[in-house]
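This report concerns only the one structure given below.
The values are calculated or read from the model by the stated rules, or taken from the named source; none is laboratory data. Just so it is clear, the model here is predicted, and its values are computed rather than measured. So basically every Cβ, Gly included, is an ideal-geometry build from the backbone, and we count neighbours across all protein chains shown. Note: areas computed on protein heavy atoms with side chains; ligands, DNA, RNA excluded. Shrake-Rupley method; radii C 1.70, N 1.55, O 1.52, S 1.80 Å.
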Amino acid sequence: MREKYQMFGKLYVVATPIGNLADFTYRAVETLKDVDLIAAEDTRHAKTLLQHYAINKKMVSLHQHNEEKTAPGLIEKMKSGLNIALVSDAGTPLLSDPGMPLVKLARQQGIEVSPIPGACALIAALSVSGLPVTRFTFEGFLPRTSSARKLIFTQKKNDAATWVFYESSHRILASLEDLQEIIAGDRRIALARELTKIYETVVNDTLDNVLEQVKSNGNMQKGEFVVLVEGAVAEKNVSEISEDQKRVLLILLKQCSIKTAVAMAAEITGARKKVLYQSALELKESSAE
Ligand code: SAM
């Protein structure tokens, strides 16, 4: 692992399981056995994993309250040739977890930083949610107060990409209730709960229906959650045409077929046919309701 010509040691950012201890890669085990030191978010927590894989290694704690102070000392150790592995309590370090100051400093100081990829709740949830994954935004943990959460929801409301956030059992119900105040209840969301664990549950339904399930079943409020919200493609298209363009389209839709109305509205207003067509479908749909 350590190249002869390399003077500095290396920093390995090692993903650990998010519940099921078997989700630890062969390479992660080899790396932890091979490094000189493990920087762990919680050394007692890491010990359970290390014991499971018969790894006996010196550890140092690196968590959100000491990482700014601890990182420079670890950098010195790597400069003296030691290899260090960074692990958090679950999943991939830095993803809503400690490690950023250490990785940043290591890069600044010319120390090689190498990933040992593995579990990550965000990616695991996306892969099974049934929502579009081509484009997504990750919000990490939402703020604790309802008003701050609603502000984020309002900012993201018309975002076309799927949005994802982490939530704890204490706030899952309150967060979903806040979400219902800001976005339409018929928007699809997915809730990925306790992934890789005994009570793993993944639901994909309208926000109204998911909230109903969470409210009526206490078990659905327990554990760890990833919440995924479908992007607002339809809403975005409607908002892309102006009120004037919409008025013209509405008048034409009353007189002609969608195809003709869209073609004429494009001529009259200069708006793009594709956007007008999407809006026409939505206007027809809402007038039929
Ligand atoms: N670094 C981790 C990762 O790669 O996913 C995330 C750490 S963050 C402190 C912990 C949060 O991740 C939890 O509150 C929950 O929102 C989410 N999470 C972690 N494990 C999970 C699991 N097994 N199922 C669902 N969500 C999980």
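A few comments on the model shown:
- Helix-only CD estimate at 222 nm, as mean residue ellipticity for the chain, using -39500 (n - 2.57) per DSSP H run (n ≥ 4): -13500 deg cm²/dmol
- Integer Hz, Karplus 6.51/-1.76/1.60 couplings in order for the stretch 34-51, x for Gly and Pro: 8, 5, 8, 8, 10, 9, 10, 4, 9, 5, 5, 5, 5, 4, 4, 5, 5, 5
- Partners for residue 246 among lysines (Cα-Cα distance below 20 Å; same-chain residues under 8 apart left out): 236, 254, 259, 273, 274, 284
- Put a plus charge on the Cβ of each Lys and Arg, a minus charge on the Cβ of each Asp and Glu, and nothing anywhere else: the dipole of the stretch 243-288 about its Cα centre is then about 140 debye.
- The stretch 174-289: translational diffusion in µm²/s, Stokes-Einstein, Kirkwood Rh over Cα pairs, 20 °C, 1.002 mPa s: 129 µm²/s
- P(r) histogram, all alpha-carbon pairs of the chain included - 10 Å bins from 0, percent: 6, 23, 23, 20, 14, 9, 5, 1
- Within the stretch 122-229: Cβ-based charge dipole about Cα centre, in debye rounded to nearest 20 (Lys, Arg +1; Asp, Glu -1): 220 debye
- Violating pairs (Cα-Cα greater than 19 angstrom) within the set 47/222; 77/104; 104/156; 57/77: 47/222; 104/156
- Other-chain or far-sequence residues with amide H under 5 Å of residue 91's (modelled H): 16, 18
- Using θ = phi - 60° in the Karplus curve 6.51 cos²θ - 1.76 cosθ + 1.60, the 3J(HN,Hα) couplings for the stretch 90-107 round to 7, x, 8, x, 6, 7, 6, 9, x, x, 4, x, 5, 5, 4, 5, 4, 4 Hz; x is entered for Gly and Pro.
- Shape summary: the stretch 243-288 maps onto an equivalent ellipsoid whose semi-axes, from the alpha-carbon gyration tensor, are 14, 10, 10 Å in decreasing order.
- Stretchable slack from residue 27 to residue 89, in nm (0.36 nm times residue separation minus alpha-carbon distance): 20.5 nm
- Dipole axis of the chain (+1 Lys, Arg; -1 Asp, Glu on Cβ), positive-most option in 146, 91, 111: 111
- The stretch 73-232: Cα Rg divided by the 2.2 N^0.38 Å rule of thumb: 1.20
- Using only side-chain charges placed at the Cβ, +1 for Lys and Arg and -1 for Asp and Glu, the dipole size of the chain relative to its Cα centre rounds to 640 debye.
- Spatial offset of the stretch 72-98 relative to the stretch 1-68 amounts to 8 Å, using the alpha carbon center of each.
- Here the accessible area is traced with a 1.4 Å probe on the protein chains. For the chain, carbon and sulfur cover 52 percent of it.
- Phi-based couplings in Hz for the stretch 197-211 (Karplus 6.51, -1.76, 1.60; Gly and Pro marked x): 9, 4, 9, 3, 9, 10, 10, 9, 7, 5, 4, 4, 5, 5, 4
- Hits among aspartates and glutamates - C-alpha to C-alpha of residue 79 under 17 Å, sequence gap 8 or more where chains match: 3, 36, 112
- Rolling a 1.4 Å probe over the protein heavy atoms gives the chain an accessible area of 54 Å² per residue.
- Semi-axes of the equivalent ellipsoid for the stretch 2-119, computed as √(5λ) from the eigenvalues of its C-alpha gyration tensor and ordered from largest down, come to 21, 16, 12 Å.
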